[in-house]
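Here's the structure, in structure tokens; my notes come after.
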Amino acid sequence: MLERRVIAVEGVVQGVGFRPYVHRLAAANALRGFVRNDAGGVLIDVEGDAAGVDEFCRLLPIAPPALATIARMRMEPAAPRSYDGFRIAASDAESRDRVTATVPPDAATCDACLAELCDPTNRRFEHPFITCTECGPRFTIVRDTPFDRERTTMAAFPLCARCRQEYEDPRDRRFHAESIACPECGPTLVAHGAAPGSAHSTGRSALDMAVTRLRAGEIVAIKALGGFHLACDATDEAAVQRLRQRKRRPAKPLAVMVRDARAADVLCELSPDERAALESPARPVVLLMRRADANVASSVAPHARTLGVMLPSTPLHHLLLAALDRPLVMTSGNQGGEPVVTNDADAIAALGNVADLFLSHDREIAVRCDDSVVQVVAGETRPIRRSRGYVPHALTLPFAVPVPVLAVGGHLKNTICVAHGSAAHLSAHVGDLDSAAARAAMRDAIEATLRSAGVRPGAIAHDLHPDYASTRVAEAFASEEGIGQRVPVQHHHAHVAACLAELGLREPVIGVVFDGAGLGTDGAIWGGEFLVVDGARFTRCGHLAYVPLPGGDAAARRPWRSAAAHLARVDAGASTRSAARPLAIGEDEWLLVQQLIARPANTPRTSSVGRLFDAVASLLGLCHVASYEGEAAMCLEAASGRTSARAYPVSLGGGARWMAEPARIIEAVVADLARGRDRAEIAAAFHGAVRDLVVLGCERIREETGLATVVLTGGVFMNARLTEGAHEALVARRFRVLLPRLVPCNDGGLSLGQAYVAACALQEDPCA
Ligand code: ZN
Ligand code: ZN
Ligand code: FE
């Protein structure tokens, strides 16, 4: 009997070879009809004998293409239409005003394409733009949805006859692969200098030129998927130092790219999870424990025990690494924290004084997207920066939001989130909002995220801090668009909420938030918080005792100031206090800071655990002045190495809102320094003390509330030693411990948390 069924599939189903997959499955079951992309995902209309239709529907969700994710499938029977054959129909462009289909993230070159890239008999031998339905650029080339070639930056490259044949042949691996190209019809590689009219070459000779220059220790700007990279020979100390100098990045670790996992294994210790992360289609930078004899210049990651390593993500990177066969520094193409550049004109303007050569091409980057960074901590791969390879994959919320919510994130490591229905669309990493260029990039990210969510916002969520650039943008955006509903969200509340959002939870939890800085409801700078979070509400149960923050935000880059502030609170003699003055700090600044500390009324106070790490790192002489946020904490973690030491004793004060007193820890550190104890042991004992504070705080809250689920979050938990220690100790005491896994525990996750809190608030009170 003839049967017809209409099937709507939602999820990541466009641009991942889903329609060819449907076509093959239909053919295998002798069905007729069509499949097409539409605004919601993919629409399938099949008819044939009943057994064939049933079998088709049974198999459809079982083995979709590797990059596809089916979020939902709806099937409805329909009256037969006597279709003639099965075809892939044109997209339904009319419904573009209600676009919800998700564009897939960019995916690294697949094994089949890689084999062809290295096969001299293949027509795409050494073609830097080889892709198929399983791999290649996606999100970063999309101008609009649905995801079809005509709405990508590949629209500028009409298919040649042979590519068209592959594109139209359902048996071909490149059947409807929107980004395919070949040497005949695809983009062209070009190498040139920064000066107009400088030597210029294309194709294989452009690649050769880049290889020669890199081998000679020069710096090459390379157009990658979501922006330019700056590359140099990672084994060449002089080259790396030159790059640091020109890029104005004195100390922050640089990522390196190596050929393959085997080459990564030579530099670093590699667990199975870490290898899987390295080789995943997202190709993130993976933080790995470096081997003592790793052959990379010491200035690649000074003071760090880890190395950020990634594998080639594009055919171009594969070709370069194969030719050079050595680790290359591969860092964002920007200067001094500005957004990564995405087009040739900007690249020459911004990087003309940094790069000796530009290796570029004529495929445009439609959306900026930095490299992602992940770390395996407490048995899971967790993002430090969620960007290329993950964005624009939407996260699923545990509820539907009443109106679309735009959340603008924090001031540092900014990201944007748009929540719509039960989906949360998180932007790529925007970065720190100190420069006008970064703030402009943030506006771009807002529009790109709204576009990919297919909505305009009905409410805006932002941080409590009135001076965050993101808060200002939220205010401006709300008045421009006439959005009446603004929901300010406390920073650490948002941190915990981000974790609840990604795990799909809507229940009260204990939230331990240790981070650098976030404005509290009492005007102090919080950052060592024990909260109970319940949707739109939170209670502050306890926190680290307040310590002066001499100079406010400026103290974050001057760990010695935190050391001075903490020292002033302990029973240390005047000689100990003045001994804490770093040599490089002048008398005037030292005296000023002492005055600020002595006049608490005029100096901000903080409960920040990040600043406590700063203080101890400075006392140990590891880092007095930081060139990037978190440098001191990283030095302290690195100094602890794998040393074990008994933790310094800690205790909590009493009261309805109790305090954890850091003074005892500082006293112990000072005493150990005076007796000349090994710094690795002091650092280890300190990490143990902070871990024990987490445990004590959670036990206290469990006694008071009966809650036993703990969320550990905030930037301090990027510290693997602390996180693993706290996780293990809490699990041993029968807590259920949750850590963010899909979004960063640092401020990169704030926008998601803000959206979650705003959604909860609007559900409870739609007129909030
Ligand atoms: Zn491929
Ligand atoms: Zn072609
Ligand atoms: Fe934070």
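Assorted remarks:
- Total residues in the range 520-536, condition open to solvent by 10 Å² or more (accessible area, probe 1.4 Å) and closer than 22 Å to Val405 by Cα: 2
- Filtering the range 590-606 to residues that are touching a helix residue (DSSP H, G or I) at 6+ places or on another chain (Cβ under 9 Å) and farther than 30 Å from Gly542 by Cα leaves only Trp590.
- Taking the criterion of being basic (Lys, Arg) and within 30 Å of Arg162 (Cα to Cα), the only residue of the range 180-221 that qualifies is Arg204.
- Residue list for the range 564-598, restricted to those being in contact (Cβ under 8 Å) with a residue 60 or more places away in the chain and of a type in the set (A, V, I, L, M): Leu567, Val570, Ala572
- Residue match in the range 404-422 (condition: touching a His at 6+ places or on another chain (Cβ under 6 Å) and surrounded by fewer than 23 Cβ atoms within 10 Å (Cβ to Cβ)): yes
- Of all residues in the range 698-750, those that are polar (S, T, N, Q) and under 21 Å from Ser607 (Cα atoms) total 4.
- Within the range 148-162, considering residues that are touching a strand residue (DSSP E or B) at 6+ places or on another chain (Cβ under 7 Å) and more than 19 Å from Gly227 (Cβ to Cβ), the one farthest from ligand 2 (Cβ to nearest atom): Arg151
Let's see how each residue does on (1) over 16 Å from Arg5 (Cα atoms); (2) of a type in the set (D, E, K, R); (3) touching a Ser or Thr at 6+ places or on another chain (Cβ under 7 Å); (4) surrounded by 21 or more Cβ atoms within 10 Å (Cβ to Cβ):
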{"site": "Gly15", "(1), (2), (3), (4)": "yes, no, no, yes"}
{"site": "Arg19", "(1), (2), (3), (4)": "yes, yes, no, yes"}
{"site": "Ala26", "(1), (2), (3), (4)": "no, no, no, yes"}
{"site": "Asn29", "(1), (2), (3), (4)": "no, no, no, no"}
{"site": "Val35", "(1), (2), (3), (4)": "no, no, no, yes"}
{"site": "Asp38", "(1), (2), (3), (4)": "yes, yes, yes, yes"}
{"site": "Val42", "(1), (2), (3), (4)": "no, no, no, yes"}
{"site": "Gly48", "(1), (2), (3), (4)": "no, no, no, yes"}
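- Residue that is part of a strand (DSSP E or B) and either of a type outside the set (Lys, Arg) or touching a Cys at 6+ places or on another chain (Cβ under 6 Å) (or both), where the choices are Val22, Val16, Val53, Val6: Val6
- Total residues in the range 541-557, condition modelled with pLDDT of 95 or more, out of contact with any helix residue (DSSP H, G or I) (no Cβ under 8 Å at 6 or more places or on another chain) and surrounded by fewer than 23 Cβ atoms within 10 Å (Cβ to Cβ): 1
- When Arg388, Arg363, Arg326, Arg382 are screened for being modelled with pLDDT of 95 or more, among the basic types (Lys, Arg) and assigned to a strand (DSSP E or B), only Arg382 passes.
- Given (1) among the polar types (S, T, N, Q); (2) at pLDDT 95 or above; (3) open to solvent by less than 20 Å² (accessible area, probe 1.4 Å), index of the condition Thr188 fails: (3)
- Test: residue in the range 173-181 that is closer than 30 Å to Ile348 by Cα, at pLDDT 95 or above and over 32 Å from the mean Cα position of the chain (by Cα): no
- Pairing each residue of the range 169-183 that is hydroxyl-bearing (Ser, Thr, Tyr) with any residue that is at pLDDT below 95 and open to solvent by 10 Å² or more (accessible area, probe 1.4 Å), provided the two are 6+ apart or on different chains, yields C-beta distances under 9 Å for Ser179/Gly15; Ser179/Arg149.
The values are calculated or read from the model by the stated rules, or taken from the named source; none is laboratory data. Given the structure is predicted, the values throughout are model-derived calculations rather than measurements. So basically every Cβ, Gly included, is an ideal-geometry build from the backbone, and we count neighbours across all protein chains shown. These area figures cover heavy atoms from the full protein model, side chains too; ligands, DNA and RNA do not enter into them. Shrake-Rupley method; radii C 1.70, N 1.55, O 1.52, S 1.80 Å.
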